[in-house]
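Chemist: Here's a structure for you.
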Amino acid sequence: MRVALVGNPNCGKTALFNLLTGSRQKVANYAGVTVERKEGRLHAPSGRHYAVLDLPGAYSLSAASLDEAVTRDVLRGFYPGERAPDVLLCVVDATNLRLHLRFALELRELGRPMVIAVNMMDAAKRRGIDIDLVALERELGVPVVPTVAVKRHGARDLVAMLDRIATAPREPHEPRAHLPEGADLHAETRRLLELTVSMPSRTAKIDDALDRWLLHPVLGLMSLALVMFLIFQAVYAWATPLMDAIEAGTAWVGGGVNTLMSMDGPLRGWVSQETLRSLSEGPVRSLLVDGIIAGLGGVIVFLPQILILFAFILALEESGYLPRAAFLLDRMMAGAGLSGRSFIPLLSSFACAIPGIMATRSIQDPRDRLATIIVAPLMTCSARLPVYALLIGAFIPQQKVWGVLNLQGLVLFGLYMAGILSALVVSWVMKKWRRDKSEHALLLELPSYRIPHPRDLLIGLWERAWIFLRRVGGIILSLTVLLWFLLSFPGAPEGATMPAIDYSFAGRIGHALTAVFAPIGFNWQICIALIPGLAAREVAVSSLATVYALSAADDDAAAQALTPIITDSWSLATALSLLVWFIYAPQCISTLATIKRETGSWKQVAISAGYLFALAYLASLLTYQVAVALGAG
Ligand SMILES: Nc1nc2c(ncn2[C@@H]2O[C@H](COP(=O)(O)OP(=O)(O)OP(=O)(O)O)[C@@H](O)[C@H]2O)c(=O)[nH]1
């Protein structure tokens with residue numbers, strides 16, 4: 001039996017889906033998190049199995065955006081390759097029945113077996129909202145089950161209800177409309193509310209008080225700036241001890257492997273002299289120490305900063321503050337040709353542009369959607385954080401501004417802001433080009449404030465760490481090994497005058513590329529690191545670590561941290577130019593693939609890649625030349 005979870009946005013469908021199926025789909029306190037249909041399996045204690053679908057939130061069956069269209073198509077049985085669900089599990093928010101019951105009534109008219117989960121009963125109780133569930137069930141003619149998805153309450157009753165429906169004798173499958181044709185769903189909702197819900201005279205005192213402050217045109221914007229600013233301060237202030245520990249750990253492992261494989265190391269006497277020689281002088285030691293340990297260690301060291309940033313983002317997502325930030329910025333975004341609806345997709349792009357671009361499906365206007373897709377890669381994704389952190393750590397002194405502010409954190413904040421401002425400028429230019437300049441009003445639901453649950457935060461952080469470590473062990477490891485190979489072979493020819501690495505495959509490519517990148521201050525090592533950086537941007541860091549470890553291998557100084565090496569060998573102008581390059585950084589291949597999938601157009605892919613490359617090059621050129629002129633070369 002196929003069960004579809006359906007309801008208005010942000011009522012807890014995904015939380016319930018996770019609870020029923022044991023999945024870990026993203027849950028957050030704003031509308032439009034789920035934009036695709038997700039499927040999971042529910043194994044009921046009765047031994048029955050159900051296929052459970054989590055659908056994007058919708059306000060009605062007359063879809064206005066792409067994600068709502070998915071819900072409509074699945075429910076009406078038009079979704080390609082799929083029959084309509086057998087049972088609708090309609091989720092409504094107990095604190096907002098006025099809005100949610102209307103959609104429930106519309107769904108009931110489909111005439112399908114249906115159960116209503118009245119979710120967020122805890123929040124309703126806290127606010128003194130009293131719902132007569134028996135009367136509601138009687139009036140609706142549909143089973144009603146109270147739930148608190150985040151506390152795992154009500155799941156057992158829901159499953160029992162599904163079992164009951166599954167074993168009930170099949171009714172002839174014809175729509176059983178409850179309301180007369182053309183009935184006013186709003187009027188019916190009002191009637192139900194009057195009969196079944198009693199509201200306290202005054203609700204949401206705290207929310208109102210907070211909103212007076214946080215939505216204030218001046219104080220609100222100041223608070224938003226303060227929140228963002230504090231986050232970047234924390235990323236630097238808190239991460240250092242952990243980063244030092246990881247760096248020391250990497251050096252220890254690298255040193256250990258080096259010693260283990262050396263001629264007079266602990267293996268002497270255990271393996272033959274010959275094996276030891278091949279281990280110590282052959283490529284294996286270099287692959288392990290200069291390739292894998294230096295490369296991966298160079299990236300892993302930034303995990304603490306990524307996690308601190310995400311701890312804040314996850315807490316903000318759960319708090320209910322984000323849609324308010326969208327509301328505050330709507331006017332500014334509209335001036336730049338973006339709608340307030342773009343806020344959440346752009347915000348998701350700070351993790352990675354791919355979910356960000358997918359989240360644009362909830363933007364109704366195709367033109368607004370495209371503008372958002374085009375600028376999403378300008379938001380600083382978490383893969384760029386290691387690059388920024390490396391360069392800031394190496395070139396920006398660890399000093400305090402005005403005695404309290406961390407200068408490195410300030411620069412990081414500036415880089416993120418530069419991405420955001422560039423996005424506004426790019427969309428403003430796109431707006432100037434557009435013939436139709438009409439704007440849409442922003443209609444946004446503001447959810448209740450909620451204190452994030454530490455357990456959910458920890459799970460979310462663990463998931464982020466796991467994604468990062470999987471990338472390290474997957475794509476970053478494979479590209480590092482490939483790069484090591486290209487940097488180690490074919491070796492120096494007879495009578496060579498330069499180090500062997502300059503004659504390697506990758507060395508030659510790097511040297512050839514300097515023809516293009518020398519005007520912006522990039523040396524051949526940077527040029528070579530940019531290529532695997534197209535697959536995953538952190539690889540630029542692991543590649544630099546490998547390139548420099550191999551360069552230093554001759555004098556046995558391998559497994560050294562990357563920071564002092566680049567501090568010694570690059571000019572400040574080069575470092576600044578590379579930082580600016582990564583604000584625009586011609587995007588990664590997976591982002592381009594996502595743009596192709598979401599827009600269906602190669603032209604948009606070419607436009608995105610082209611304009612980002614042009615911006616990156618011009619901005620770096622300007623930065624480098626000005627810095628050199630000022631004496632930083
Ligand atoms: N207090 C309380 N919060 C809940 C409950 N169920 C879900 N939430 C919270 O409500 C918010 C929305 O939950 P989601 O599961 O993402 O909602 P959704 O309906 O899937 O949202 P969309 O994907 O936007 O359609 C999250 O912040 C959840 O933690 C509940 O029973 N009680």
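The values are calculated or read from the model by the stated rules, or taken from the named source; none is laboratory data. As the structure is a computational prediction, the values presented were derived from the model and not from experiment. Counting neighbours? That spans all protein chains shown, and the Cβs are built from the backbone with ideal geometry, glycine included. In case anyone asks, the SASA skips ligands and DNA or RNA and just uses the protein heavy atoms, side chains included. Shrake-Rupley method; radii C 1.70, N 1.55, O 1.52, S 1.80 Å.
Chemist: Where a Cα-Cα gap under 18 Å defines reach, which lysines qualify for Lys205, not counting those fewer than 8 residues away within the same chain?
Modeler: Within reach: Lys125.
Chemist: What is the angle, in °, between the Cα long axis of helix 572-584 and the longest principal axis of the Cα atoms in the chain? Nearest 10 is fine, range 0 to 90.
Modeler: For 572-584 against the chain, the angle is about 30 degrees.
Chemist: Please report, in debye to the nearest 20, how large the charge dipole of the chain is about its Cα centre when each Lys and Arg carries +1 at its beta carbon and each Asp and Glu carries -1 there.
Modeler: Using only the charged Cβ atoms, the result is roughly 1240 debye.
Chemist: The range 1-49 to the range 496-555: how many Å between their Cα centroids?
Modeler: For the range 1-49 versus the range 496-555, the Cα centre distance is 47 Å.
Chemist: Let's test this: bin the Cα-Cα distances of the chain at 10 Å from zero up to the farthest pair and state each bin's percent.
Modeler: That works out to 3, 14, 22, 22, 17, 12, 7, 3, 1, 0, in percent per bin.
Chemist: Relative to the longest principal axis of the chain, what angle (0 to 90°, nearest 10) does the C-alpha long axis of helix 385-395 take?
Modeler: Taking Cα atoms only, the helix is inclined about 40 degrees.
Chemist: In the chain, what percentage of the DSSP-assigned beta bridges are antiparallel, given to the nearest 5?
Modeler: Of the beta bridges lying entirely in the chain, close to 35 percent run antiparallel.
Chemist: Provide the per residue accessible area, probe 1.4 Å, for the chain, rounded to a whole number of square angstrom.
Modeler: Spelled out: the 1.4 Å probe surface of the chain, per residue, equals 46 Å².
Chemist: On to the next question. Apply the a/c threshold of 1.5 to the C-alpha gyration tensor of the range 2-203 and tell me whether it is rounded, prolate or oblate.
Modeler: In terms of gyration-tensor shape, rounded.
Chemist: Taking the Cβ of Ile528 as the center, what net charge do the other residues with Cβ under 12 Å away carry, scoring Lys and Arg +1 and Asp and Glu -1?
Modeler: For residues surrounding Ile528, the net value is 0.
Chemist: Using the basic label-point model (7 angstrom from Cα toward the beta carbon), what is the Lys151 to Ala496 distance in nanometres?
Modeler: For the pair Lys151/Ala496, the computed spacing is 6.9 nm.
Chemist: Mind putting a number on the dipole of the range 2-203 about its Cα centre? Charges go on the C-beta only, +1 for Lys and Arg and -1 for Asp and Glu, and I need it in Debye to the nearest 20.
Modeler: Taking the Cα centre of the range 2-203 as origin, the dipole is about 660 debye.
Chemist: At a 1.4 Å probe radius, carbon and sulfur cover how many percent of the accessible area of the range 2-203?
Modeler: In the range 2-203, the share of accessible area belonging to carbon and sulfur is 50 percent.
Chemist: Any idea how far apart Asp207 and Leu482 come out in nm if each label point goes 7 Å out from Cα toward Cβ?
Modeler: For Asp207 paired with Leu482, the spin-label model returns 5.0 nm.
Chemist: I would also like to ask the following. Within 14 Å, Cβ to Cβ, of Val472, how many net charges do the neighbouring residues add up to if Lys/Arg are +1 and Asp/Glu are -1?
Modeler: Around Val472, the charge tally is +3.
Chemist: Provide the convex hull volume over Cα atoms per residue for the range 89-137, in Å³.
Modeler: Taking only Cα atoms, the range 89-137 has a hull volume of 68 Å³ per residue.
Chemist: Just from its helices, what would the mean residue ellipticity at 222 nm be for the chain, if runs of 4 or more DSSP H residues each count -39500 (n - 2.57) and the sum is divided by every residue, rounded to the nearest 500 deg cm²/dmol?
Modeler: -18000 deg cm²/dmol
Chemist: Moving on. Pop a pseudo-label 7 angstrom from the Cα along the beta-carbon direction at both Leu242 and Asp184 and give the gap in nm to one decimal.
Modeler: Rounded to a tenth, the inter-label distance reads 5.7 nm.
Chemist: A further question follows. Would you work out if the range 533-633 is rounded, prolate or oblate? Take a ≥ b ≥ c from the square roots of the eigenvalues of the alpha-carbon gyration tensor; rounded if a/c is under 1.5, else prolate when a/b is larger than b/c, oblate otherwise.
Modeler: oblate
Chemist: Considering only Pro146, Gly77, His186, whose Cα is most displaced toward the positive end of the charge dipole of the range 2-203, charges sitting on Cβ of Lys, Arg (+1) and Asp, Glu (-1)?
Modeler: Pro146
Chemist: Shifting gears a bit: At a Förster radius of 56 Å, what calculated FRET efficiency corresponds to the Cβ-Cβ distance of Leu630 and Ser60, to the nearest 0.05?
Modeler: E(calc), rounded to 0.05, equals 0.40.
Chemist: Could you rank the peptides 10-20, 613-623, 542-552 by their average count of other C-beta atoms within 10 Å per residue, with the highest value first?
Modeler: Ranking, from highest mean packing down: 542-552, 10-20, 613-623.
Chemist: Also, quick follow-up: Show me 153-166, 391-404 ranked by packing, highest mean number of other Cβ atoms within 10 Å first.
Modeler: The peptides rank, most packed first, as 153-166, 391-404.
Chemist: So for each of 327-336, 117-126 I average, over its residues, the number of other beta carbons within 10 Å; can you give me the resulting order with the highest mean first?
Modeler: Per-residue mean Cβ counts within 10 Å order the peptides as 117-126, 327-336.
Chemist: State, as an integer percentage, the relative contact order of the chain based on alpha-carbon contacts under 8 Å between residues 6 or more apart.
Modeler: 12
Chemist: In degrees, nearest 10, range 0 to 90: what is the angle between the Cα axis of helix 66-76 and the longest Cα principal axis of the chain?
Modeler: Orientation of helix 66-76: about 50 degrees from the principal axis.
Chemist: What is the gain in length, in nm to one decimal, between Phe505 and Arg435 on full extension, counting 0.36 nm per residue of separation less the C-alpha to C-alpha distance?
Modeler: Working it through step by step, the gained length comes to 20.2 nm.
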